[in-house]
Amino acid sequence: MIAPARWWSSAHSWSGSGANMTLDPRPGGCFRERLPGGGGVEHLRVVSAAPGTSLRTTGALGPLQGEALTGVMTLTLKAGGAGTSVTLRYAVAARRTGGTALAPAVDAALAEQVARLKTAAGHR
């Protein structure tokens, strides 16, 4: 979970490479992306971390940053008999009319990331 460079899709990055994604999983840390030429993007800021259990971040992913949107993303892990379940919830608040139009695309992109995380962790 804390090594997004291993599983984040390059198609959903500003740099064109998921390998440029990093996560500092401590309160005050962030999910960021290195950009060519020494630049970077802070996608989400960590506000709560319980190792092996949950991670909560705030902010706007990718194109949401330019749309006056903000959100709270919670990733929860729960161990079970057959493995570990992963739940991702991203609640986004729109500050302008029509901001919710992006919700289906954001949901699809995040579902892809969770699937890639599960694959990287050896689950199907």
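The values are calculated or read from the model by the stated rules, or taken from the named source; none is laboratory data. Keep in mind the model is a prediction, meaning the values are calculated, not measured. When we count neighbours, we look across all protein chains shown, and the Cβ atoms used for this are built from the backbone with ideal geometry, even at glycine. Note: accessible area is taken over every heavy atom of the protein model, side chains too, but ligands, DNA and RNA are not part of it. Shrake-Rupley method; radii C 1.70, N 1.55, O 1.52, S 1.80 Å.
Some notes on this structure:
- Rolling a 1.4 angstrom probe over the protein heavy atoms with all chains in place gives the chain an accessible area of 57 Å² per residue.
- Three-way shape call for segment 45-124 based on the alpha-carbon gyration tensor, with the a/c threshold at 1.5: prolate
- Here's how it looks for ALA60: its modeled amide H is under 5 Å from those of GLY71, which are all 5 or more places away or on a different chain.
- Using a probe of 1.4 Å on the protein chains alone, the accessible area found for THR76 is around 50 Å².
- Shape call, segment 1-76: gyration tensor on alpha carbons, a/c limit 1.5: oblate
- Across the chain, the relative contact order, built from alpha-carbon pairs under 8 Å that are at least six residues apart, equals 17 percent.
- Counting only protein heavy atoms and a probe of 1.4 Å, the accessible surface of segment 17-90 is 54% carbon and sulfur.
- Most fluctuating residue given options GLY62, GLY40, GLY83, as computed from a GNM of the chain linking Cα atoms under 10 Å: GLY83
- Each residue, VAL114 and THR76, gets one label point 7 Å from its Cα in the Cβ direction; the gap between the two is 1.1 nm.
- Amide N of segment 19-35 lying under 20 Å from the label point, which is placed 7 angstrom from the Cα of SER48 along Cα→Cβ: 24-31
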